[in-house]
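Shown next, in structure tokens, is the structure this report addresses.
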Amino acid sequence: GTDELLFMKWFFGVGICLAQLAAFERGDFAELFGNQGDEPCTVSTRLLLLSGYTFFQFLDMLGEVQFLSISEAALLNLSLLTSDLWATIFSVLAVGFVPSSLYFVASLLIVAGIVLYEAAPSPLGHTTPTDIKIKKGHHFESDITERAGNITGNVHLEQEEGNLELT
């Protein structure tokens, strides 16, 4: 479920990051938190910035997990590719750097991929049943089962709460 995915992303993410930090960035890390003397950024400010970055990365991961609970990973990956577009807009407007024309071709292909992906039915086969009418009464379960006969999967009814679950 959601908790397991969050834990696994955290566990392996922290493990891989710590291994890379120890192998490749030990000197940079020591420089970041070492006493720099006349540097404008104090160690407490650096810790605050690192903590803020970590917090917002956690929110990003949480948002991705929530997105994956309602959609597919392919659409998430296509959507994440568009984040470079925002960085490019910033670089053009604020810095004045215009990337190669191939970048714009690649961005157009990404947008076309998203449109094409959304135009087709879901590869997971999720459909929203529109012909199910829920009635309270004695024949509640049999009525639901008859109307849901054309849906792929199973129909479950919790008798105590009257909840309907399509799987």
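Restricting attention to the stretch 80-126, which residues are closer than 25 Å to Asp60 by Cβ, over 22 Å from the mean Cα position of the chain (by Cα) and either at pLDDT below 80 or open to solvent by 80 Å² or more (accessible area, probe 1.4 Å) (or both)?
Correct list: Phe90, Leu93, Val95.
Which residue pairs have Cβ atoms under 6 Å apart, sit 6 or more places apart or on different chains, and have a first residue in the stretch 5-34 that is within 14 Å of Val65 (Cβ to Cβ) and a second that is outside any helix (DSSP H, G or I)?
The qualifying pairs do not exist here.
Would you pick out the residues in the stretch 42-69 that are surrounded by 11 or more Cβ atoms within 10 Å (Cβ to Cβ) and farther than 30 Å from Ser122 by Cα?
Of everything in the stretch 42-69, those that are surrounded by 11 or more Cβ atoms within 10 Å (Cβ to Cβ) and farther than 30 Å from Ser122 by Cα turn out to be Thr42, Val43, Thr45, Arg46, Leu47, Leu48, Leu49, Leu50.
Any chance the stretch 147-154 includes a residue that's part of a helix (DSSP H, G or I) and modelled with pLDDT of 85 or more?
No, that holds for no residue.
The values are calculated or read from the model by the stated rules, or taken from the named source; none is laboratory data. Here the structure is a predicted model, which is why all the values come from computation and not from measurement. Using ideal geometry, Cβ is built from the backbone for each residue, glycine included, and neighbour counts are taken over all protein chains shown. These area figures cover heavy atoms from the full protein model, side chains too; ligands, DNA and RNA do not enter into them. Shrake-Rupley method; radii C 1.70, N 1.55, O 1.52, S 1.80 Å.
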